[in-house]
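The values are calculated or read from the model by the stated rules, or taken from the named source; none is laboratory data. Quick caveat: nothing in here was measured; it's all calculated off a predicted structure. Cβ atoms come from the backbone with ideal geometry, glycine included; neighbour counts cover every protein chain shown.
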């Protein structure tokens with residue numbers, strides 16, 4: 001797991017809110033090229049790596065997304081602080097107190113700050129604990145000597161500048177991984193590690209397989225285009241959702257049977273189950289009630305494919321997340337087993 005965890009750490013430390021992914025895509029392109037691959041950048045900003053297999057008539061697509069949650073500058077307030085607009089599906093409570101970085105489009109500079117309630121001080125505001133956390137009340141306190149909108153604009157900050165969140169990556173000695181944006185950089189790290197292994201060990205896959213690192217999943221349309229016409233099976237490697245009534249945990253691979261888009265392809269998910277049973281990979285079947293994936297986006301866009309979704313179990317998704325190397329390993333083993341298996345009828 002060491003190399004995969006190293007990739008997770010590197011990827012989570014590269015800011016990549018949806019719409020602001022050039023830096024991480026440049027990193028991924030460079031890393032793939034160093035492994036001997038020829039990654040292709042899509043017009044939409046994703047990366048496709050095509051690996052020719054023994055059978056070139058039927059193709060597979062496997063995806064992970066590199067875009068994350070984030071925010072944009074919505075307005076500059078009279079006191080020089082910033083109002084935000086959220087990028088991706090999460091709530092303001094999940095980022096309260098988090099350090100952040102404002103990426104200035106005008107001059108390319110970065111300025112640090114902290115996301116806070118306007119009524120933060122309990123010594124001043126009676127409703128500090130009860131006021132609603134929303135766009136009107138949440139703001140970015142910049143680490144600059146600014147007290148007016150004019151002084152903030154003088155730094156180059158304007159509406160539309162991206163705001164990324166401090167990932168705070170921690171890997172504990174007993175295998176827990178805590179960080180923002182484990183959704184979906186755990187999966188991207190897994191695919192990168194598998195590509196590295198296939199190249200180093202000279203493994204030929206049974207079918208031509210396209211590894212698609214997408215850039216717009218968090219807003220719903222990540223990898224629903226650029227699919228080769230020969231594609232028969234489409235696997236999204238994303239995150240397993242944890243919470244009340246969920247079977248998913250941090251120590252197994254989670255296979256999704258249904259999300260907000262509806263059921264996934266029954267025979268293909270049963271193929272995943274059979275692989276787990278045959279290779280003694282710990283797994284859980286689950287329903288993710290408020291969820292969509294690159295695979296479901298592709299099907300909604302009209303892709304004629306068998307689609308499946310699986311991933312490591314991620315606790316506190318879209319907040320300060322956590323998983324365990326046991327879950328990462330189980331997910332990596334299942335993806336590897338699938339990519340080296342025969343297609344279902």
- [ ] Name the residue, out of 277, 250, 233, that is surrounded by fewer than 24 Cβ atoms within 10 Å (Cβ to Cβ), closer than 19 Å to residue 328 by Cα and in contact with a helix residue (DSSP H, G or I) (Cβ under 9 Å, 6 or more places away or on another chain).
- [x] 250
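Condition check ((1) outside the structural domain of residue 291 (by TED's automatic domain parsing); (2) surrounded by fewer than 17 Cβ atoms within 10 Å (Cβ to Cβ)) across all residues:
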residue	(1), (2)
157	yes, no
172	yes, yes
189	no, no
195	no, no
199	no, yes
206	no, yes
209	no, no
TODO: Please give the number of the condition residue 75 fails out of (1) without any contact (Cβ under 8 Å) to a residue 24 or more places away in the chain; (2) out of contact with any helix residue (DSSP H, G or I) (no Cβ under 8 Å at 6 or more places or on another chain).
DONE: (1)
Open item on the list: Please verify whether residue 9 is buried (at least 20 other Cβ atoms within 10 Å of the Cβ) and either within 23 Å of residue 161 (Cβ to Cβ) or touching a strand residue (DSSP E or B) at 6+ places or on another chain (Cβ under 9 Å) (or both), treating the condition exactly as stated.
Closed with: no
Task: Scope the range 12-26; condition in contact with a helix residue (DSSP H, G or I) (Cβ under 9 Å, 6 or more places away or on another chain) and either within 20 Å of residue 51 (Cα to Cα) or buried (at least 19 other Cβ atoms within 10 Å of the Cβ) (or both); matching residues - done: 12, 14, 15, 16, 17, 18, 24
Open item on the list: Against the condition in contact (Cβ under 8 Å) with a residue 60 or more places away in the chain, more than 16 Å from residue 19 (Cα to Cα) and either surrounded by 15 or more Cβ atoms within 10 Å (Cβ to Cβ) or out of contact with any helix residue (DSSP H, G or I) (no Cβ under 6 Å at 6 or more places or on another chain) (or both), how does residue 80 come out, does it pass?
Closed with: yes
Task: Set 98, 110: member being outside the structural domain of residue 192 (by TED's automatic domain parsing), surrounded by fewer than 16 Cβ atoms within 10 Å (Cβ to Cβ) and closer than 30 Å to residue 188 by Cα - done: 110
Open item on the list: Looking at 120, 29, 68, 63, can you tell me which residue is at pLDDT below 95 and surrounded by 15 or more Cβ atoms within 10 Å (Cβ to Cβ)?
Closed with: 120
